[in-house]
Structures are given as C-alpha cells and as structure tokens.
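Q: So that we are looking at the same thing, I have put the structure below in structure tokens.
The values are calculated or read from the model by the stated rules, or taken from the named source; none is laboratory data. Keep in mind the model is a prediction, meaning the values are calculated, not measured. FYI the Cβ positions are ideal-geometry reconstructions off the backbone, even for glycines, and counts take in every protein chain you see. Keep in mind that these areas ignore ligands, DNA and RNA; they rest on the heavy atoms of the full protein, side chains included. Shrake-Rupley method; radii C 1.70, N 1.55, O 1.52, S 1.80 Å.
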Amino acid sequence: MGRAARRRPRTVLWAAAGVLTLGFLVALQLVAHHLGIPGPITQQAREVIHAPKSGFLLYASMALTMVVLTWRQRLIALGAAIGIDLVFLAVRWAIGADLSDGHPFGNGALWVVLGLAVFALTRRTGAERLLLLKGVGLGLLLVTGRKTGDTWLLITSRTLPVTLDPYIAMADHALGNPSWLAGRLLEAGGPVGEHALDYVYAQLAVAAVVVALYQLRNVAAEQRFPRHHLVRTFLVIGLIGPAIYMIYPVVGPVFAYGPQGGTWAAADLWPNTLPPITAPSHLPFDTITPRNCMPSLHTAWATAIFIHSRRGPRALRIAGTFWLVATLAATLGFGWHYGVDLVAGVVFAYTIEAGLRTFDRGGDRAGVLLVVYGTAVFAALLTAYRFAPLEMARYPWLAGPLLLLVMASVVYGYQRLTRLWESVTIPAPRAEPLPEPA
C-alpha cells in the first residue's frame, strides 16, 4: 500500500471531524440566537475588533498554531501580533474605549492566526498547506472551545429551572463536606492565597498549552503531529461535559448554600455550617447562574494536564502536579464544587483519556474494556448521588471509602493498561541471509 493510500483514511477523518465541528457550532449558534444569548461564532467574530475576553488565551492559541512554523517564522508572527496589538491599543486610547469587560491585548494574536490560514490557502500547496491549516485549526479550536463552553453555561442557566444541589450536598457528607472545610481554610489564609488560587483556576487553558507545546515541540521538524496529545483530550472533555450538565444541573455550594445564591439559596450555610442531613428535593434557581458542577470539568482538565505532564521533564511533572492540586483547592475553597463533583471529574478524565488512546490503537480489547468500566463507574456515581444521597450521608464510613475506591480503581486500571501498552516492543526485522560465496 502506497503512502498516499495510507494517508487517505486520515484525511477523510480530518475532513469529517471538521464538518461535524462546523455543524455543531452552527447548531449551537442557532440555539443561542433563539434564547437571545451570544453564540460561539458571534463571540469569536466580535474579538477580531473588540477587546477580547482573554488576551492570554488568544496568545496561547497562537502559540499552538506556531508549532508548525520555523523559529524565524515564529519570531515574525509574534512581532506582527504585538505590533497589531499596539495599534489597537493606541486607537482605543485615542477614542477612549471602555476596556473593563476585556483585555487590552489579544486581537493581534487572532489576526495572525487568521492571516496564517489565508496564507496557507493562497501561498502553500500539498502537505505544507495541510500542516499549516492543521496548526491554524488547532489554535482556533482552543479559542472556539472556550467560547462554546461559555455559550453552554448560558444555555444551562436559561433552560434548566431547578437544580439537584440538595442531593449532591447530601452525598457530599460521605466525603466529610470538603468544600466547607476548604472554604474556611481559604478564608483564614487571607487575600494572597485567594488571588493565587483564582489565577490558577482562571488560567487553566494556558497551563494546558504549556504542556501541549512540549508535546508538539517537534512538529515543525518532523512535518507531522503526534498521534495523541493533550489538546485532543481537552477538547473532547469540553465537548462531552456540558451535555452532562444538561441532564444533571448543579450550581455549587457557594450559590445553593452560600451568599452568592441570594434569595434563591436553600440556606446561608457555606462555609461555616454544614447542611443538615434531611431528605433532599429539587431546588428552583435563577436564570443566570450556570449549572456547571457535575462533573467538575476543571478537575477533569487539570487531571488531563497531570496525566500528560508525566512524560515530560521533572519541571513539567512538578508543574502538572501543582496545577492539579491548586485547581482542586480552588474548586472547593471558592465553593464552586462539592467533593463528589471532583471524584466524578477524575473518573471522567481518565475514561476519556483511555478512550482516545484505545482509538489510536485500533480498538484494543483491553482498552475497550477499561472504557466500558470507567463509563459504568461514572454512571454509577451519578446514579448514587441522585437516588441514594441520604444513605450516603447516614453511612459516610462506608460510602466515603467506597467512592474513593472506585475512583482509584479507574486510575489504577488506566496506569496498568498504559504500562502494558508501553512494554510491548516491536520485534526487530529479521536480517536477510547473505549470499553464499561462489
């Protein structure tokens, strides 16, 4: 089979993924328009001119795109982005534009990425064009994924009038209500710790780009992308996770049991008073607060960063561990998640990571079994949170260790399977017999 024939299935796969992604974005845009909220395409198009919501994210996306460029081209692209941003900044200063809702920089990075797409289509051909377009697509997917997530959050708040927080709060008794404890510890630590954790939480995508850049560092030299890297896992988590929000709406303890919930809160208990153990019921809530807790996608993304950083140098492994621990502390300490959300998020991340790696190996039987097991554990967790939370609260000495055990079993299964895959070596080719002397 020739090289062109081998590449054809992958080209078809890339084309199909592009069509599905575009169709999904258009559908989400139409739903957002129907609900009177900004859609992902509208938000992204707006940032071509207006102050972006996150300039750091746009520069991170440009960095991903630049993995396909030479060092000389990267310096030119970076200089162009900074120059464009300086022009935008001067114009905004001259007209007195309000920048309170965004960052004063980032447009230049988006312009450079879009410019590279035009350059690829007009000045490059063949494999070189395809590689450059893949880099542009990778960078734009990071930004579009963020915009898609923002739209999903608005949709959950507009379409789901009740939440399941009382059920989750009861189930969280099995873990000792860690959000209440973390909230008190964060308050006692003062503003320095709060600001540090808030920054870690907000810049999770930038941390992911750092790990991804290490994984993609040889793309320009090898003229191809590695089969598996962190960005794939990040995007799949962001694609599937919000769908679970729609069937399992939860707003978090700081809203359902804290001051930010206002009159909609079940009680003002977080973080100083634990919720009483009573039979839970649905909690009506406002049309503003996102229902984005179950599972904790920040935990899932931080777990993915941790997994992918294991193959890097020591500094990267330390950074990946730090980002995971700090993200868990922030999600609990700020009251945005319950402890059981985090357990579900870890299982969710490892199951998706196992699924992607199994797909790359052509549907390896052991990998398929692990994905089925992880999916079953995830479904069992959500079912227990919904239908047996009172029993979990009454018997925490049994439910708590069981939750941690099933989570650890998925993690162990993934570690064991990947070690098995990595231990399989390809046998060396047999040497051809030498011709006998005449």
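Q: Are there any pairs, at least 6 apart or on different chains, whose C-beta atoms fall under 6 Å, with the first in region 328-351 and among the β-branched types (Val, Ile, Thr) and the second not in a helix (DSSP H, G or I), and if so, which?
A: Thr331/Ser296; Thr331/His337
Q: Could you check region 307-317 and list, in sequence order, the residues that are open to solvent by 50 Å² or more (accessible area, probe 1.4 Å) and within 23 Å of Val410 (Cα to Cα)? I'd like the intermediate steps shown before the answer.
A: Quick first cut of region 307-317, residues open to solvent by 50 Å² or more (accessible area, probe 1.4 Å) only: 310-311, 313-315, 317.
Scanning region 307-317 gives Arg310, Arg311, Arg317.
Q: Related question: Among the residues of region 134-163, which ones are under 23 Å from the mean Cα position of the chain (by Cα), more than 20 Å from Val26 (Cβ to Cβ) and of a type in the set (A, V, I, L, M)?
A: Leu138, Leu160
Q: Still on this structure, please answer the following. Here are some residues: Ala399, Ala379. Which one is out of contact with any helix residue (DSSP H, G or I) (no Cβ under 8 Å at 6 or more places or on another chain), assigned to a helix (DSSP H, G or I), closer than 25 Å to Asp165 by Cβ and of a type in the set (A, V, I, L, M)? Break it down stepwise before answering.
A: On the way: Ala399 fails: out of contact with any helix residue (DSSP H, G or I) (no Cβ under 8 Å at 6 or more places or on another chain).
Of the residues listed, the single one that is out of contact with any helix residue (DSSP H, G or I) (no Cβ under 8 Å at 6 or more places or on another chain), assigned to a helix (DSSP H, G or I), closer than 25 Å to Asp165 by Cβ and of a type in the set (A, V, I, L, M) is Ala379.
Q: Select, from Leu297, Leu381, Leu324, Leu369, the only residue that is more than 18 Å from Tyr201 (Cβ to Cβ), open to solvent by less than 50 Å² (accessible area, probe 1.4 Å) and not acidic (Asp, Glu). Working first, answer last.
A: Numbers: Leu297 fails: more than 18 Å from Tyr201 (Cβ to Cβ); Leu324 fails: more than 18 Å from Tyr201 (Cβ to Cβ); Leu369 fails: open to solvent by less than 50 Å² (accessible area, probe 1.4 Å).
Leu381 is the lone residue from the list that is more than 18 Å from Tyr201 (Cβ to Cβ), open to solvent by less than 50 Å² (accessible area, probe 1.4 Å) and not acidic (Asp, Glu).
Q: What tally of residues in region 107-139 results from selecting those that are closer than 23 Å to Val87 by Cα and either open to solvent by 50 Å² or more (accessible area, probe 1.4 Å) or not in a helix (DSSP H, G or I) (or both)?
A: The number of residues fulfilling the criteria is 4.
Q: Looking for something under 20 Å from Glu47 (Cα atoms) and in contact (Cβ under 8 Å) with a residue 40 or more places away in the chain - is there at least one such residue anywhere in region 116-130? Can you show your working first?
A: Just the residues of region 116-130 that are under 20 Å from Glu47 (Cα atoms), to begin with: 116-118.
So of that shortlist, the ones also in contact (Cβ under 8 Å) with a residue 40 or more places away in the chain come out as 116.
There is at least one residue in region 116-130 that is under 20 Å from Glu47 (Cα atoms) and in contact (Cβ under 8 Å) with a residue 40 or more places away in the chain.
Q: Also, I was wondering about something else. Would it be correct to say that Gln73 is part of a helix (DSSP H, G or I), closer than 30 Å to Ile288 by Cα and among the polar types (S, T, N, Q)?
A: Considered against the rule, which asks whether it is part of a helix (DSSP H, G or I), closer than 30 Å to Ile288 by Cα and among the polar types (S, T, N, Q), Gln73 comes out as no.
Q: Oh, and also: Inspect all residues belonging to region 366-384 and state whether any of them is at pLDDT below 95 and on the phi > 0 side of the Ramachandran plot.
A: no
Q: When you look at Ala94, is it at pLDDT below 90, part of a helix (DSSP H, G or I) and out of contact with any His (no Cβ under 9 Å at 6 or more places or on another chain), yes or no?
A: Working: at pLDDT below 90: yes; part of a helix (DSSP H, G or I): yes; out of contact with any His (no Cβ under 9 Å at 6 or more places or on another chain): yes.
It is true that Ala94 is at pLDDT below 90, part of a helix (DSSP H, G or I) and out of contact with any His (no Cβ under 9 Å at 6 or more places or on another chain).
Yes/no per residue for (1) out of contact with any Lys or Arg (no Cβ under 7 Å at 6 or more places or on another chain); (2) part of a helix (DSSP H, G or I); (3) at negative phi:
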residue: Ala27; (1), (2), (3): yes, yes, yes
residue: Ala32; (1), (2), (3): yes, yes, yes
residue: Pro38; (1), (2), (3): yes, no, yes
residue: Ile41; (1), (2), (3): yes, yes, yes
residue: Ala45; (1), (2), (3): yes, yes, yes
residue: Pro52; (1), (2), (3): yes, no, yes
residue: Phe56; (1), (2), (3): yes, yes, yes
residue: Met62; (1), (2), (3): yes, yes, yes
residue: Met66; (1), (2), (3): no, yes, yes
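Q: For Ser309, which of the numbered conditions (1) small (Gly, Ala, Ser); (2) within 18 Å of Leu213 (Cβ to Cβ); (3) free of Cβ contacts under 8 Å to residues at least 60 places away in the same chain fails to hold?
A: (3)
Q: Ok, one more. Taking the stated definitions as given, is Ile95 open to solvent by less than 30 Å² (accessible area, probe 1.4 Å) and not acidic (Asp, Glu)?
A: Values: open to solvent by less than 30 Å² (accessible area, probe 1.4 Å): no; not acidic (Asp, Glu): yes.
For Ile95, the condition - open to solvent by less than 30 Å² (accessible area, probe 1.4 Å) and not acidic (Asp, Glu) - is not met.
Q: Which residue pairs have Cβ atoms under 7 Å apart, sit 6 or more places apart or on different chains, and have a first residue in region 401-427 that is closer than 19 Å to Asp364 by Cα and modelled with pLDDT under 95 and a second that is open to solvent by less than 100 Å² (accessible area, probe 1.4 Å) and not hydrophobic (A, V, I, L, M, F, W, C)?
A: Qualifying pairs under 7 Å: Leu417/Gly367.
Q: Please work out which residue is farthest from the chain's Cα centre (by Cα), limiting yourself to region 180-205 and to residues that are surrounded by 16 or more Cβ atoms within 10 Å (Cβ to Cβ) and closer than 25 Å to Arg146 by Cβ.
A: Leu197
Q: Hey, another quick one. Kindly indicate whether any position in region 177-185 is among the polar types (S, T, N, Q) and at pLDDT below 90.
A: Pass one, region 177-185, residues among the polar types (S, T, N, Q): 177, 179.
With the extra rule that they be at pLDDT below 90, the set shrinks to none.
No: region 177-185 contains no residue that is among the polar types (S, T, N, Q) and at pLDDT below 90.
Q: Would you tally the residues in region 292-344 being assigned to a loop (DSSP other than H, G, I, E, B) and within 24 Å of His195 (Cα to Cα)? Full working, then the answer.
A: Going residue by residue through region 292-344, those that are assigned to a loop (DSSP other than H, G, I, E, B) are 292-296, 310-313, 334-338.
This time we only want the ones that are within 24 Å of His195 (Cα to Cα), so: 292-293, 296, 334-338.
Residues flagged as assigned to a loop (DSSP other than H, G, I, E, B) and within 24 Å of His195 (Cα to Cα) within region 292-344 amount to 8.
Q: Applying the selection to region 408-422, what residues are open to solvent by 90 Å² or more (accessible area, probe 1.4 Å) and either under 14 Å from Tyr373 (Cβ atoms) or not hydrophobic (A, V, I, L, M, F, W, C) (or both)?
A: Just the residues of region 408-422 that are open to solvent by 90 Å² or more (accessible area, probe 1.4 Å), to begin with: 412, 416, 419-420, 422.
Those that are open to solvent by 90 Å² or more (accessible area, probe 1.4 Å) and either under 14 Å from Tyr373 (Cβ atoms) or not hydrophobic (A, V, I, L, M, F, W, C) (or both): Tyr412, Arg416, Arg419, Glu422.
Here's the yes/no breakdown for (1) touching a Gly at 6+ places or on another chain (Cβ under 9 Å); (2) at pLDDT below 95; (3) on the phi < 0 side of the Ramachandran plot:
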{"residue": "Thr299", "(1), (2), (3)": "yes, no, yes"}
{"residue": "Arg311", "(1), (2), (3)": "no, yes, yes"}
{"residue": "Ala319", "(1), (2), (3)": "yes, yes, yes"}
{"residue": "Trp323", "(1), (2), (3)": "no, yes, yes"}
{"residue": "Asp341", "(1), (2), (3)": "yes, no, yes"}
